[in-house]
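Chemist: Encoded as structure tokens, here's the structure I'll be asking about.
The values are calculated or read from the model by the stated rules, or taken from the named source; none is laboratory data. Predicted model only: the values in this text are computed from it and were never measured. Neighbour counts are summed over all protein chains in view; Cβ atoms, including those assigned to glycine, are modelled from backbone coordinates with ideal geometry.
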């Protein structure tokens, strides 16, 4: 997400909407690529990655206080993308977990 944040800043002029749209496929891919044993960690990691990647995209004046204010404003205004991506990852992870448990029971 940090790489996508810098790419968004370079190509789209730090568009928060473009960053949110790019976040959704990352959530889906994260939920699909995580190992079966670690599948329940994907919905936890996704919001952290969103916040980390938002640092280069979020505006703000120079200095630490300005950057933090830009980050918090970006998190507040882009909460829909954050919740939507986390929900998508959570649903995919739950489906994968149910399938994994069913496979384990069949083997036993």
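Chemist: Just one of the numbered conditions (1) surrounded by fewer than 15 Cβ atoms within 10 Å (Cβ to Cβ); (2) in contact with a helix residue (DSSP H, G or I) (Cβ under 6 Å, 6 or more places away or on another chain); (3) at pLDDT below 90 is not true of residue 43; which one?
Modeler: (1)
Chemist: Examine the range 48-67 for a residue that is at pLDDT below 95, touching a helix residue (DSSP H, G or I) at 6+ places or on another chain (Cβ under 8 Å), at positive phi and surrounded by 17 or more Cβ atoms within 10 Å (Cβ to Cβ), and state whether such a residue exists.
Modeler: yes
Chemist: Quickly run through the range 68-78 and pick out the residues that are surrounded by 12 or more Cβ atoms within 10 Å (Cβ to Cβ) and either part of a helix (DSSP H, G or I) or touching a strand residue (DSSP E or B) at 6+ places or on another chain (Cβ under 6 Å) (or both).
Modeler: Within the range 68-78, 68, 69, 70, 71, 72, 73, 74, 75, 77 qualify.
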